[in-house]
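This is the structure I want to talk about, given as structure tokens.
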């Protein structure tokens, strides 16, 4: 009888100590959580006892803290990127507008017909630049809307590509660039939107003209049951391309922002490609930057 009473007593003491330890540990966790919350600390929760259930709980809480901090850093980075992009876009729009105003004043005041023609040409170029910027922003806003859909139909891609290349003839001539073009003779059909395809090819060619050095290679061919399009251009050794961000919105390798780049061109390309069930990838090998696009082929029946 006495032995049983002692055993029960010892068991009660053991349970009481265990409860006290639990209460102490929970109090410690609360204090640590409060400290982390108030000081935005990067510390993680620690456990003084080797209790399996508490350790599992702390492990889950620490994982949540790590994810929360990572999400917070990503959000801050995106917010700063958005602020910078808005400022850059405002600058890009303001520049041609300011130039337009100046040349309009010169055009009004000038009596020389030759100079008036020159001013009119500059004004026309500035309007085209502004129109392109606004169209890019408008396209971006549509693509950001989850409800935005594009109509797909059977499209002969060869002609779309050739027509798009032809629109850049003057720019190629002005920059003394003769593109190396390789397009198969057989007609290739894909499920696509011709306007979106034109935008894809235009953005890629413009990107090569704006950021490439020397020759531009454009190829299109059938590869098994897919259409493979590739555009390549050389870049300077000093170019610092982050290939992990190349298709991100507002990404620009040139922080000085020379030219009228919004950093949306390749992002728009990627969005359109994926909306048409295609696949896109970019690579940089020995200062040769290339973008490859694949679309599933349809029969030509």
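Take the conditions within 23 Å of residue 136 (Cα to Cα) and surrounded by 14 or more Cβ atoms within 10 Å (Cβ to Cβ) and apply them to residue 86. Does it pass?
Values: within 23 Å of residue 136 (Cα to Cα): yes; surrounded by 14 or more Cβ atoms within 10 Å (Cβ to Cβ): no.
It is false that residue 86 is within 23 Å of residue 136 (Cα to Cα) and surrounded by 14 or more Cβ atoms within 10 Å (Cβ to Cβ).
Looking only at region 179-188, which residues are closer than 24 Å to residue 288 by Cβ and surrounded by 15 or more Cβ atoms within 10 Å (Cβ to Cβ)?
Within region 179-188, 179, 183 meet the criteria.
Restricting attention to region 25-63, which residues are touching a residue at least 12 places away in the same chain (Cβ under 8 Å) and not in a helix (DSSP H, G or I)?
42, 44, 45, 46, 47, 48, 49, 51
Could you identify the single residue in 217, 270 that is assigned to a helix (DSSP H, G or I), under 30 Å from residue 125 (Cβ atoms), touching a strand residue (DSSP E or B) at 6+ places or on another chain (Cβ under 6 Å) and at pLDDT 90 or above? Can you show your working first?
Numbers: 217 fails: assigned to a helix (DSSP H, G or I).
Step by step, each of 217, 270 is checked, and only 270 is assigned to a helix (DSSP H, G or I), under 30 Å from residue 125 (Cβ atoms), touching a strand residue (DSSP E or B) at 6+ places or on another chain (Cβ under 6 Å) and at pLDDT 90 or above.
Residue 134: surrounded by 15 or more Cβ atoms within 10 Å (Cβ to Cβ) and in a helix (DSSP H, G or I), yes or no?
Values: surrounded by 15 or more Cβ atoms within 10 Å (Cβ to Cβ): no; in a helix (DSSP H, G or I): yes.
When the stated conditions are applied, residue 134 does not pass them.
Going residue by residue through region 123-130, is there one that turns out to be in contact with a helix residue (DSSP H, G or I) (Cβ under 7 Å, 6 or more places away or on another chain) and without any contact (Cβ under 8 Å) to a residue 24 or more places away in the chain?
For region 123-130, residues in contact with a helix residue (DSSP H, G or I) (Cβ under 7 Å, 6 or more places away or on another chain) and without any contact (Cβ under 8 Å) to a residue 24 or more places away in the chain: present.
With touching a helix residue (DSSP H, G or I) at 6+ places or on another chain (Cβ under 9 Å), in a loop (DSSP other than H, G, I, E, B) and loosely packed, with under 14 Cβ neighbours inside 10 Å as the only criterion, which of 115, 149, 111 stands out? Talk me through it step by step, then tell me what you get.
Working: 115 fails: in a loop (DSSP other than H, G, I, E, B); 111 fails: touching a helix residue (DSSP H, G or I) at 6+ places or on another chain (Cβ under 9 Å).
None of the others qualify; the one that does is 149.
Among (1) surrounded by 13 or more Cβ atoms within 10 Å (Cβ to Cβ); (2) without any contact (Cβ under 8 Å) to a residue 40 or more places away in the chain; (3) outside the structural domain of residue 200 (by TED's automatic domain parsing), which single condition is residue 101 missing?
(1)
Mind checking which pairs have a first residue in region 274-299 that is more than 22 Å from residue 217 (Cα to Cα) and a second that is assigned to a helix (DSSP H, G or I) and at pLDDT below 90, Cβ under 9 Å, 6 or more apart or different chains?
Filtered contacts from region 274-299: 275/143.
Output yes when any residue across region 65-78 is modelled with pLDDT of 80 or more, under 37 Å from the mean Cα position of the chain (by Cα) and more than 30 Å from residue 267 (Cα to Cα), and no when none is. Lay out the reasoning, then the answer.
Step one: filter region 65-78 for residues modelled with pLDDT of 80 or more, giving 65-77.
In the following step, the residues that additionally are under 37 Å from the mean Cα position of the chain (by Cα) were identified as 65-77.
This time we only want the ones that are more than 30 Å from residue 267 (Cα to Cα), so: 65.
Scanning region 65-78, I find at least one residue that is modelled with pLDDT of 80 or more, under 37 Å from the mean Cα position of the chain (by Cα) and more than 30 Å from residue 267 (Cα to Cα), so the answer is yes.
Here's a follow-up. Looking at residue 199 and the list (1) over 15 Å from residue 297 (Cβ atoms); (2) under 27 Å from the mean Cα position of the chain (by Cα); (3) surrounded by fewer than 18 Cβ atoms within 10 Å (Cβ to Cβ), which single condition is not satisfied?
Of the numbered conditions (1) over 15 Å from residue 297 (Cβ atoms); (2) under 27 Å from the mean Cα position of the chain (by Cα); (3) surrounded by fewer than 18 Cβ atoms within 10 Å (Cβ to Cβ), the odd one out for residue 199 is (3).
Cβ-Cβ distance below 9 Å, separation of 6 or more or different chains: which pairs start in region 135-149 with a residue that is farther than 12 Å from residue 265 by Cα and in the same structural domain as residue 86 (by TED's automatic domain parsing) and end on one that is surrounded by fewer than 10 Cβ atoms within 10 Å (Cβ to Cβ) and at pLDDT 80 or above?
none
Restricting attention to region 167-178, does a residue exist that is at pLDDT 90 or above, surrounded by fewer than 17 Cβ atoms within 10 Å (Cβ to Cβ) and part of a helix (DSSP H, G or I)?
At the first step, the residues of region 167-178 found to be at pLDDT 90 or above are none.
Within region 167-178, not a single residue is at pLDDT 90 or above, surrounded by fewer than 17 Cβ atoms within 10 Å (Cβ to Cβ) and part of a helix (DSSP H, G or I).
Is region 189-205 home to any residue that is under 13 Å from residue 289 (Cβ atoms) and in a helix (DSSP H, G or I)?
Filtering region 189-205 for residues under 13 Å from residue 289 (Cβ atoms) gives 204.
From what's left, in a helix (DSSP H, G or I): 204.
Scanning region 189-205 turns up at least one residue that is under 13 Å from residue 289 (Cβ atoms) and in a helix (DSSP H, G or I).
A further question on this structure: Checking residue 155 against (1) closer than 24 Å to residue 251 by Cα; (2) buried (at least 17 other Cβ atoms within 10 Å of the Cβ); (3) at pLDDT 90 or above, which single condition isn't satisfied?
(1)
The values are calculated or read from the model by the stated rules, or taken from the named source; none is laboratory data. Keep in mind that this is a model prediction, so the values were computed, not measured. Positions of Cβ are backbone-derived with ideal geometry, glycine not excepted, and every protein chain shown enters the neighbour counts.
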